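S.K.: Before we start, here is the structure in question, set down as structure tokens.
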Amino acid sequence: MLNSLLQSTQVSILEKALSAASLRHKVISNNIANVNTPKFKKSEVSFENQLAAAMDAQNSSKATLLARTNERHLPIPNQTSGLHIEPEVNTITTTSFRSDDNNVDIDSEMAGMAKNSIYYNAVADQISKYYSNLKSVINGGK
């Protein structure tokens, strides 16, 4: 029972989103660090589109998700097979903004960094609320 609460689909997705935001922060930082490097091509992290597609695919199958609440219940096959996604780093090679073939736009990267910080904090807040709710239930609502 405890494993089903701590390893739920919701927590798994939130952990992957947090990991993707952390990776995106590293990629954006690398882009900013190389803003003046000739022929450097920026990279981007794709995760949210993959997550939305996987969730749409799961919802379109209209499968009812079940929870195993007792160890004597029959085992449930993996219901989240469509949600095994990982963030991907893609290098953008098709553009150049300057004569030295560098395609990093510092304003765009700084805006992306700010957006990613807000996203990271929102996901971390959701994970915190999930565990706070569990703690409240365990403590009897106190």
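Read-outs: derived from the displayed coordinates by stated rules, not from any lab. For clarity, every value in this text was computed on a predicted model and none was experimentally measured. Virtual Cβ from ideal backbone geometry, glycine too; neighbours counted across all protein chains shown.
S.K.: With each pseudo-label sitting 7 Å past Cα toward Cβ, what's the Val11-Ala53 distance in nm, one decimal?
M.R.: Inter-label distance under the simple model: 2.9 nm.
S.K.: Would any residue of the range 7-42 have its amide N under 20 Å from a label point 7 Å out along Cα→Cβ of Asn121? List them or say none.
M.R.: 14-15, 17-29
S.K.: Using the Cβ atoms and a cut-off under 11 Å, what net charge is assigned to the surroundings of Thr93, where Lys and Arg are +1 and Asp and Glu are -1?
M.R.: +2
S.K.: Take the residue pairs Lys16/Lys41; Lys26/Lys135; Lys41/Lys129; Lys26/Lys129 and return only those whose Cα atoms are more than 28 Å apart. It would help to have the intermediate numbers written out before the result.
M.R.: On the way: Lys16/Lys41 26 Å; Lys26/Lys135 32 Å; Lys41/Lys129 39 Å; Lys26/Lys129 26 Å.
From the list (Lys16/Lys41; Lys26/Lys135; Lys41/Lys129; Lys26/Lys129), the Cα-Cα distance tops 28 Å for Lys26/Lys135; Lys41/Lys129.
S.K.: If R₀ is 25 angstrom, what is the calculated FRET efficiency for the pair Leu18 and Asp105, using the beta carbon separation as r and rounding to 0.05? Kindly include the intermediate steps, with their values, before the conclusion.
M.R.: Details: r = 26 Å, r/R0 = 1.06.
Using R0 = 25 Å, I get an efficiency of 0.40.
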